[in-house]
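A.B. asks: Dropping the structure in here first, questions after.
Nothing in this text is a laboratory measurement; each read-out follows from the coordinates by a stated rule. Quantities reported herein were computed from a predicted structural model and do not represent experimental measurements. As a convention, Cβ positions derive from the backbone with ideal geometry for all residues, glycine included, and neighbour counts pool all protein chains shown.
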Amino acid sequence: MSVAEDAPKWVLVVMGVSGSGKTTVGAMLAGRLHWHFADADDFHSPENVAKMHSGIPLTDADRLPWLKAIAAQIGQWQASGEQGVVTCSALKRRYREIIMGGHSGIRLIYLKGTKELIARRLAARHGHFMPANLLASQFEALEEPAPEEHAITVDVGKPPSALVDEIVAALTLPPLRGGSLPLPQAGEGAEHKRGG
Ligand SMILES: Nc1ncnc2c1ncn2[C@@H]1O[C@H](COP(=O)(O)OP(=O)(O)OP(=O)(O)O)[C@@H](O)[C@H]1O
Ligand SMILES: [Mg+2]
């Protein structure tokens with residue numbers, strides 16, 4: 001299968017509340033596609049990490065440099081013609097606009113789950129700085145993607161590998177063969193919308 005030289009270079013932003021599986025699913029997705037992976041946690045300042053350790057919710061002022069750093073990562077990938085998957089809770093529309101605004105070729109992936117299921121997963125998770133008691137504030141802050149954001153929404157009740165299958169299928173990427181790098185074909189660009 002030929003791939004057009006000028007095929008769009010996708011960047012995928014994986015969003016959802018803490019514990020929805022952004023790191024787990026995003027890393028597996030990047031691995032499946034052989035794309036770059038970046039985790040939003042790595043873009044936080046030490047001050048933000050300390051706040052979160054202490055169970056103090058971040059303010060929008062705290063978040064701004066973090067969101068801009070994520071946007072810069074996306075811009076860097078796109079400028080060098082690379083593809084990547086980046087996680088970010090991106091709970092509010094205005095955060096997503098900072099991250100994604102002005103960029104084309106980005107798809108939003110929304111990991112959707114109930115508070116009960118995600119609370120159970122957070123309670124079982126070790127070695128992570130997000131205390132489970134911040135989950136309630138995450139759900140309060142959450143603005144689910146609007147239809148015009150064209151997010152790919154998946155139900156996190158399924159195992160990570162099934163979610164990755166579903167996301168890859170929704171991207172209309174060709175199946176991987178022999179580890180080749182999949183690219184959307186010309187005409188299947190950022191404007192592509194999921195049928196149905
Ligand atoms: N689809 C899934 N099925 C079962 N367990 C899952 C699934 N996705 C993630 N998990 C588990 O749930 C926990 C939370 O996942 P993960 O750390 O990837 O969430 P996150 O969205 O990155 O959270 P944070 O925003 O705090 O970084 C982990 O222990 C992970 O192994
Ligand atoms: Mg994470």
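A.B. asks: Just flag the trypsin sites (Lys or Arg not before Pro) in segment 1-106 sitting in loop per DSSP whose Cβ has no more than 15 other Cβ atoms within 10 Å.
C.D. replies: The qualifying sites are K92.
A.B. asks: Please list the non-local residues whose amide H lies under 5 Å from the amide H of K92, H modeled 1.01 Å from N, same-chain partners needing a gap of 5 or more.
C.D. replies: E143
A.B. asks: Distance cut-off 18 Å, Cα to Cα: go down the list K22/K115; K22/K158; K112/K158; K22/K51 and report the pairs above it.
C.D. replies: Pairs exceeding the cut-off: K22/K51.
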